[in-house]
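Here the structure is laid out as structure tokens; the discussion comes afterwards.
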Amino acid sequence: MDYGDYADTYFDLADKIENLFQRPVDLVTDKSLSNPYFIDSINKTKTYFMDIEIKKYLFDIRESIDSIEKYLGDKRDFKSVYS
């Protein structure tokens, strides 16, 4: 992903999360951090908005969707599949 697409995706995600929680958020990536004091401060105050069970559930849904799309191929209309 080039820098322009990365930035667009990053800010789009931040906006969507802020809209979801109706509060400001700071999205921080591990690669963007270098100051050990700042890293320590973040680690003490960070909040995960999704626990591992939800991540697994969403991953399973994504795999199911991929399997269905692979099975259907170019046919996206379920009526044509069951006719």
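Going through region 26-40 one residue at a time, which ones are closer than 21 Å to Tyr10 by Cβ and not in a loop (DSSP other than H, G, I, E, B)?
In the first step, residues of region 26-40 are kept if they are closer than 21 Å to Tyr10 by Cβ; the result is 26-35, 38-39.
Those that are closer than 21 Å to Tyr10 by Cβ and not in a loop (DSSP other than H, G, I, E, B): Asp30, Lys31, Ser32, Phe38, Ile39.
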Q. Which members of region 41-61 meet the condition of being exposed (fewer than 10 other Cβ atoms within 10 Å of the Cβ) and assigned to a helix (DSSP H, G or I)?
A. Asn43, Lys44, Thr45, Ile52, Glu53
**Q.** Residues satisfying the stated conditions in region 53-75, i.e. among the β-branched types (Val, Ile, Thr) and more than 13 Å from the chain's Cα centre (by Cα)
**A.** Ile61, Ile65, Ile68
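Taking region 1-49 as the search range and keeping residues that are polar (S, T, N, Q) and at pLDDT 85 or above, which one is farthest from the chain's Cα centre (by Cα)?
Step one: of region 1-49, the residues polar (S, T, N, Q) are 9, 19, 22, 29, 32, 34-35, 41, 43, 45, 47.
Restricting the remaining residues to those that are at pLDDT 85 or above gives 9, 19, 22, 34-35, 41, 43.
Numbers: Thr9: 10, Asn19: 15, Gln22: 18, Ser34: 24, Asn35: 26, Ser41: 24, Asn43: 20 Å.
That would be Asn35.
The values are calculated or read from the model by the stated rules, or taken from the named source; none is laboratory data. Everything numeric in this text was worked out from a predicted model, so none of it was measured. We place every Cβ from the backbone using ideal geometry, glycine too, and count neighbours over all the protein chains shown.
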